[in-house]
1. Would you mind telling me which numbered condition in (1) at pLDDT 95 or above; (2) out of contact with any strand residue (DSSP E or B) (no Cβ under 9 Å at 6 or more places or on another chain); (3) not acidic (Asp, Glu) Arg257 fails?
2. Under the condition of being in contact with a helix residue (DSSP H, G or I) (Cβ under 6 Å, 6 or more places away or on another chain) and part of a helix (DSSP H, G or I), which residue from the stretch 207-233 is nearest to Tyr118 (Cα to Cα)?
3. Determine, yes or no, whether Ser48 is under 26 Å from Ile172 (Cα atoms), in contact with a helix residue (DSSP H, G or I) (Cβ under 7 Å, 6 or more places away or on another chain) and not β-branched (Val, Ile, Thr).
4. Among the residues of the stretch 146-165 satisfying the criterion of being assigned to a loop (DSSP other than H, G, I, E, B) and surrounded by fewer than 16 Cβ atoms within 10 Å (Cβ to Cβ), which is farthest from the chain's Cα centre (by Cα)?
5. Scan the stretch 59-72 and give yes if some residue there is hydroxyl-bearing (Ser, Thr, Tyr) and buried (at least 16 other Cβ atoms within 10 Å of the Cβ), otherwise no.
6. Just to be sure I understand, how many residues within the stretch 243-257 are basic (Lys, Arg) and outside any helix (DSSP H, G or I)?
7. Name the single residue, out of those in the stretch 76-102 being in contact (Cβ under 8 Å) with a residue 60 or more places away in the chain and within 15 Å of the chain's Cα centre (by Cα), that is surrounded by the fewest Cβ atoms within 10 Å (Cβ to Cβ).
Amino acid sequence: MYLGGSVHILPKKTKIPDAFKKAFALADRVVFETDVSELQENPMVLQSLQSKMFLPEGQTLETVLSSESYQKLSAACTSLGVSIAEVEQMKPSMVLNMLSVLQLQQNGLTETGVDAYYMEQSKKKHKTMLFLESVDFQIDLMLNMFDENIDEYIGYSVTDLAQDEGAIKAEIEKLLYDWTNGTSEYITQLNNEMSSDYPSVYDRLIKDRNNTWVPIIEGYLEDAPVEFVVVGLAHIHGEDGLLKQLSEAGYLINPLR
């Protein structure tokens, strides 16, 4: 089995590392976090997203958030050229995700990511695709799973959104370096900071999902087909990363060059 870390959105003309090309060529089946194509191609899924992305009637961001969190979110919107009034009826998590994508696009990350690229390639090569999570699960993760800790999630997200252009570009370069070279220093640093400063966000985004995926991945190691598992880079490395968990379970892990 091959395990690859994805960057979900990339700069233009990014070269896919040779190791990824080899893993894809050798794989019988390709495994992704979820089937993102359903968001564009399945009307029922799109309808589900649209029905869940807005607050209940009569509620607004200003009424559901603390004054401090509302001011943080409003400032983040303004910094990216969005009026808080335009998104007042949206759920806070939806607004944060929208702002994160907008920030990346404004800093040159405009291409679809590694997972979307290999989903397209899998269709072209007629490779079987498998998915670790349902689209509904990811929609709920994006929109609802931080409701109980929304102030913490806003604090975590706004910290990233508040970075200046130079800091953002430097962060992107370090992240792409880890992805391109198979290193883990920067992504592990980011995971450690998230775990320390925003523990509930880290648990729900990274740790809990990794723990759910490991038994599924172990099942792939026991069957005959060869799988290429492509998940977000943050899930690969770190204290709760898939590599460490699989290594501790006794599996032999080698980098593909």
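The values are calculated or read from the model by the stated rules, or taken from the named source; none is laboratory data. Since this is a predicted model, take the numbers as computed values, not measurements. Cβ sites come from the backbone with ideal geometry, for glycine too, and all protein chains shown count toward neighbours.
1. The number of the failed condition is (1).
2. Leu233
3. On the way: under 26 Å from Ile172 (Cα atoms): no; in contact with a helix residue (DSSP H, G or I) (Cβ under 7 Å, 6 or more places away or on another chain): yes; not β-branched (Val, Ile, Thr): yes.
Against the criterion (under 26 Å from Ile172 (Cα atoms), in contact with a helix residue (DSSP H, G or I) (Cβ under 7 Å, 6 or more places away or on another chain) and not β-branched (Val, Ile, Thr)), Ser48 does not qualify.
4. Going through the stretch 146-165, the residues assigned to a loop (DSSP other than H, G, I, E, B) turn out to be 146, 162-164.
Then keep just the ones that are surrounded by fewer than 16 Cβ atoms within 10 Å (Cβ to Cβ); that gives 162-164.
Numbers: Ala162: 19, Gln163: 19, Asp164: 22 Å.
Selected residue: Asp164.
5. In the first step, residues of the stretch 59-72 are kept if they are hydroxyl-bearing (Ser, Thr, Tyr); the result is 60, 63, 66-67, 69-70.
If we keep only those that are buried (at least 16 other Cβ atoms within 10 Å of the Cβ) too, we end up with 69-70.
Yes, because at least one residue in the stretch 59-72 is hydroxyl-bearing (Ser, Thr, Tyr) and buried (at least 16 other Cβ atoms within 10 Å of the Cβ).
6. Residues of the stretch 243-257 that are basic (Lys, Arg), as a first pass: 244, 257.
Checking the rest, the ones that are also outside any helix (DSSP H, G or I) come to 257.
Selection size over the stretch 243-257: 1.
7. Of the residues in the stretch 76-102, the ones in contact (Cβ under 8 Å) with a residue 60 or more places away in the chain are 76, 79-80, 92-93, 96, 99-101.
Okay, now just the ones that are also within 15 Å of the chain's Cα centre (by Cα), so 93, 96, 99-101.
On the way: Ser93: 21, Leu96: 23, Leu99: 21, Ser100: 16, Val101: 13.
Ranking the qualifying residues of the stretch 76-102, first place goes to Val101.
Yes/no matrix, rows are residues, columns are (1) without any contact (Cβ under 8 Å) to a residue 60 or more places away in the chain; (2) under 16 Å from the mean Cα position of the chain (by Cα); (3) within 17 Å of Phe146 (Cβ to Cβ):
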| site | (1), (2), (3) |
| --- | --- |
| Gly182 | no, no, no |
| Gln189 | yes, no, no |
| Lys207 | yes, yes, yes |
| Val226 | no, no, no |
| His237 | no, yes, no |
